[in-house]
Amino acid sequence: MTLKELRFLKKAIIGLVAGMLIGSAGMAAAATTQTVQAVFAKFTLSVDGQKQTLKNDPLVYRGTTYLPVREVAEMTGYGLEYDNTKKSIDLKTKGDEVSVGITDEINLNEFISTKVLVADYDVDVSAESGKIRDVTYKKNDNIIVYSMPGTLVDGIYNSVDGLHKAAVKDGAIYLSKEAVSFLGISI
């Protein structure tokens, strides 16, 4: 065998080994993933007899219906914490997020009314209807969402992400000065 043939053989063996390593890595990854066939389905969902509309259709797989957990949590009055690194979902009762019955202690000097935010600072406010509703405050690209009872109950509420506070007193909603600052408004 000539020197030229040995070099070619050496390169061929290296290429073959590299190809086998790459191929086996793909097969190992394929062995750890699972493919399923599921179908989207339209369902009527009710909470305490009140019809709710899902933004995302449920999946049906092998006779089991899978609902979007964040939407269901919000509809039923639960907060949701999701941790991708731990692969965990934690549902928390709104009792952990809402302080009701302490409205006499609410210092409204620490809050700005929704009415003032809309009239004087052009904040967009929208609310969904339902037993539990999302109230969304938007100014430019800054957004804060609160889940509140459809019939407002006096108390202190945390935003969905848990970072901002709002107060409800006598049927009016007030945002904390910190939340107003997050929206980009200097007061």
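Only the coordinates and a few stated rules stand behind these numbers; no lab work does. Keep in mind it's a predicted model, so treat the numbers as computed, not measured. Every residue, glycine as well, gets a Cβ built from its backbone with ideal geometry; the counts of neighbours run over all protein chains shown.
Remarks
- Most to least packed among 10-17, 167-174 [average Cβ atoms within 10 Å]: 167-174, 10-17
- q = 0.18, 0.23, 0.27, 0.30 Å⁻¹: log10 I(q)/I(0) that the Debye formula gives for segment 39-94, counting C-alpha atoms only: -0.71, -1.00, -1.11, -1.16
- 31 Å Cα-Cα threshold exceeded, pairs from LYS42/LYS115; LYS87/LYS169; LYS51/LYS138: LYS42/LYS115; LYS87/LYS169
- Dipole check for segment 39-94: with +1 at the C-beta of Lys and Arg, -1 at the C-beta of Asp and Glu, and the Cα centre as origin, the magnitude is about 120 Debye.
- Of the residues LEU80, ALA38, VAL153, the one whose Cα sits farthest towards the positive end of the charge dipole of the chain is ALA38 (charges of +1 on Lys and Arg Cβ, -1 on Asp and Glu Cβ, taken about the Cα centre).
- Distance in nm between pseudo-label sites at ALA18 and ASN56 (7 Å out along the Cβ direction from Cα): 4.1 nm
- Listed residue (ALA127, GLN50, LEU16) projecting farthest to the positive dipole end of the chain, Cβ model: LEU16
- The charge dipole of the chain, taken about its Cα centre with unit charges on the Cβ atoms of Lys, Arg (+1), Asp and Glu (-1) only, comes to about 1440 debye.
- Alpha-carbon geometry of the chain: the Rg and the Dmax are 27.1, 97 Å, given in that order.
- Rounded tilt (10° steps) of 3-32 against the dominant C-alpha axis of the chain: 30 degrees
- Within segment 132-178, the percentage of alpha carbon pairs spaced more than 13 angstrom apart rounds to 53%.
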